[in-house]
Amino acid sequence: MPNTVLIGAQWGDEGKGKIIDVLASQVDIVVRYQGGNNAGHTVKIGDEHYVLHLIPSGILRDEQVCVIGNGLVVNPAALLDEVAEVEAAGKKVQGRLFVSDRAHMVFPYHRAIDAAREALLAEGSKIGTTGRGIGPCYSDKVTRTGLRAGDMLTSEFPELLLARLREANKMLRAMGGEILDENAVLEEYLAIAERMRPYIKDTVTYLNDAIKAGQTVLFEGAQGTMLDIDFGTYPFVTSSNATAGGACTGSGVAPHRIDRVVGVIKAYTTRVGEGPFPTELFDADGKRMRDAGGEYGATTGRPRRCGWFDAVVGRYSARINGVDFWAMTKLDVLDTFETLRVCTAYEYEGQRLMELPASVRMLEKCTPIYEELPGWCEPTSHITVYDDLPERARTYVEYLCALTGVPLGILSVGPKRESTLRLGL
Ligand code: GDP
Ligand code: IMO
Ligand code: MG
């Protein structure tokens, strides 16, 4: 398979984990390039159900090497727990998982600051973060006070971490947050640093040498385009570039080594956390989507907000990421709906908007303009060939592709590997 970037085209939870697992068998290396353990990527294999937060979903295959790129913020304690879980499931991890020596580390003070910041924000301004310390760790990266995986292996690490802990406690005191026991955290993380040693590697050299030698790479995005720090519904976003550009900066692989981009997009829309969501449903249809789609956060368990497909978002994502193919997921969730609605444009103060406004103040005032399509009202999860789908289901999918200007590469009609219809991919 050509070197491929896989991104989420909406607000995350599009089913990236499932699609990565499907595509991973065709590459040598899977590399995550941004985010942290705010992500929750679910893979269902037979009756087993795995949720990965930091480790690329390719680890559930047998051969592939998995890389946690420099663009991530890694909670090393959470990573070691996840390694133990994957090993308990019978998968080999040692020698197959590498963490970039340039990846920033999430420490307990990042989580404490995340919680304290959210508590201080007024109602209506809260982000609804996953509480994993992601924003504060990326803040430290940008303000140049972060500690990276490679730093953990140096003799200066104890004094560096202690200095950061003292500084963080000062901040936490001022914010009314949880004060950390500096020596206890230091001791704990010195032990964790040693356990991280076998995984830490110069992954930039490794990846570029592998590509030069003809190996192929799948770049695994986390979150989604609408949660991207630059292109999402700022400030109700995460703190990294979840879009395709993040694949280069988050892995150290140059743009011209990447051959194509696959966008994972749900046949409807969901969002977890706060922020505008024009097609959100507050009625029985929204509840039906949540129940049928099992729409509860894979990381925090929060119920996901559900709504109709938004083609304004789809077109915007297609453009920013340069999506070559959609991997459209969860079509089966719509099996029981008699009528389906699709947002084709927004109305803003009497004007028709075809493009997504930059300001959330504007987006909050946008109302969707809908087209209606008849539902197919029959099960689709057992179908394995695209042409066997009910005609109305095909019309719906083809309408979404036409509205967003992207061809279909994969259609997913259930959480398992078997429920995957391959078209151009
Ligand atoms: P990710 O964060 O993008 O990897 O997505 P999540 O794993 O957070 O959420 C997607 C959920 O939908 C998971 O529970 C998947 O098992 C499930 N899923 C993925 N594809 C399909 C599908 O085509 N149909 C159904 N019904 N469920 C799916
Ligand atoms: P995957 O990879 C859905 C959301 C949070 C919150 C905002 C900021 O599974 O698609 P953060 O903790 O990142 O500072 O929270 O981003 N969020 C996600 N929503 N899926 C995710 O990841 C998410 N990761 C973060 O709910 O609104
Ligand atoms: Mg998820």
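Rounded to a whole number, what % of the accessible area of the chain do carbon and sulfur atoms account for, probe 1.4 Å? After summing per-atom areas, the C and S share lands at 50 percent.
In the context of the full protein assembly, S359 retains an accessible surface of approximately 50 Å², using a probe radius of 1.4 Å and ignoring ligands and nucleic acids.
Among S239, S419, the order of accessible area from largest down is S239, S419, computed with a 1.4 Å probe on protein heavy atoms.
Evaluated with a Cβ-only charge set (Lys, Arg +1; Asp, Glu -1), the chain carries a dipole of roughly 600 debye about its Cα centre, given to the nearest 20.
Solvent-accessible area per residue for the stretch 104-196 at a 1.4 Å probe radius, Å²? Show your work: numbers first, answer last.
Working: 4750 Å² over 93 residues.
Per residue, the stretch 104-196 has 51 Å² of solvent-accessible surface.
Here's the picture: charge each Lys and Arg Cβ at +1 and each Asp and Glu Cβ at -1 in the stretch 1-152, and of V67, H41, Y138 the one pushed furthest to the positive end of that dipole is Y138.
From the Cα gyration tensor of the stretch 104-196, with a ≥ b ≥ c the square roots of its eigenvalues, which class applies: rounded if a/c is under 1.5, or else prolate if a/b is larger than b/c, or else oblate? Here the stretch 104-196 falls in the prolate category.
Dipole magnitude for the stretch 104-196: about 360 debye, using +1 per Lys or Arg Cβ and -1 per Asp or Glu Cβ, origin at the Cα centre.
Please work out the average accessible area per residue across the stretch 264-422, using the 1.4 Å probe convention, and give it in Å². Walk me through the intermediate numbers first.
Numbers: 6720 Å² over 159 residues.
In whole numbers, the stretch 264-422 has 42 Å² accessible per residue.
Candidate cross-link partners of K170 among the aspartates and glutamates, defined by an alpha-carbon separation under 13 Å and a same-chain spacing of 8 or more, comprise E178, D181, E182.
The values are calculated or read from the model by the stated rules, or taken from the named source; none is laboratory data. Since this is a predicted model, take the numbers as computed values, not measurements. Backbone-built Cβ (ideal geometry, glycine too); neighbour counts: all protein chains shown. Accessible surface is based on the protein model in full, side chains and every heavy atom, while ligands, DNA and RNA are left aside. Shrake-Rupley method; radii C 1.70, N 1.55, O 1.52, S 1.80 Å.
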